[in-house]
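Below is one structure, written out as structure tokens, with a few remarks after it.
The values are calculated or read from the model by the stated rules, or taken from the named source; none is laboratory data. Everything numeric in this text was worked out from a predicted model, so none of it was measured. Here the Cβ positions follow ideal geometry from the backbone for every residue, glycine too, while neighbour counts run over all protein chains shown.
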């Protein structure tokens, strides 16, 4: 679903102005029908203020340390078709083109499981979804629920006939002092959610990062 994005900034005289007001179209992947990603805002380095509100470029789905991103993801109902790509290499290349670096965080042996070195904050807007952690333990999150995820290995499991909408913020922080278990390439995950990634040393409002 397209979303209006209003961005403020500063004029050359230092006055607060509307820098842009645009409708953002979601990103889609052919073998994940019903799933959408709205890339609303991101940066690869810490912001400096005041700025002019220009849209920063995004080179990776999960920002590097100091970077951040904000967006919306849609997870379709559990009944949505899930075609298996006939050409896995082409599917991986498509995902890499649409969501650079995303597939590298996915575990091939456990679909949907992934890990990012970040603190993730989330708010479920509508629908419901299960958060799975280690040992297959799942916790149900419903509309109005929030969560704080401290760099844990996890997967989002969608069940039922309603799509999910949620808001997320990821904060990247300092490099981890431990090593996560190895991550395998090649998995896909399905749901509708608002995403936000922030890689600052303290977090506020965005979705996951490396």
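Against the conditions (1) under 22 Å from residue 105 (Cβ atoms); (2) exposed (fewer than 14 other Cβ atoms within 10 Å of the Cβ), residue 58 satisfies every one except (2). For the stretch 45-69, residues that are within 12 Å of the chain's Cα centre (by Cα) and modelled with pLDDT of 80 or more total 2.
Of the candidates 41, 92, the single residue that is in contact with a helix residue (DSSP H, G or I) (Cβ under 8 Å, 6 or more places away or on another chain) and surrounded by 14 or more Cβ atoms within 10 Å (Cβ to Cβ) is 92. Taking the criterion of being within 15 Å of residue 80 (Cβ to Cβ), surrounded by 17 or more Cβ atoms within 10 Å (Cβ to Cβ) and in contact with a helix residue (DSSP H, G or I) (Cβ under 8 Å, 6 or more places away or on another chain), the residues of the stretch 23-38 that qualify are 29, 31. Evaluate the stretch 79-94: report whether one residue or more is under 28 Å from residue 58 (Cα atoms) and in contact with a strand residue (DSSP E or B) (Cβ under 9 Å, 6 or more places away or on another chain). So far as the stretch 79-94 goes, no, none of its residues is under 28 Å from residue 58 (Cα atoms) and in contact with a strand residue (DSSP E or B) (Cβ under 9 Å, 6 or more places away or on another chain).
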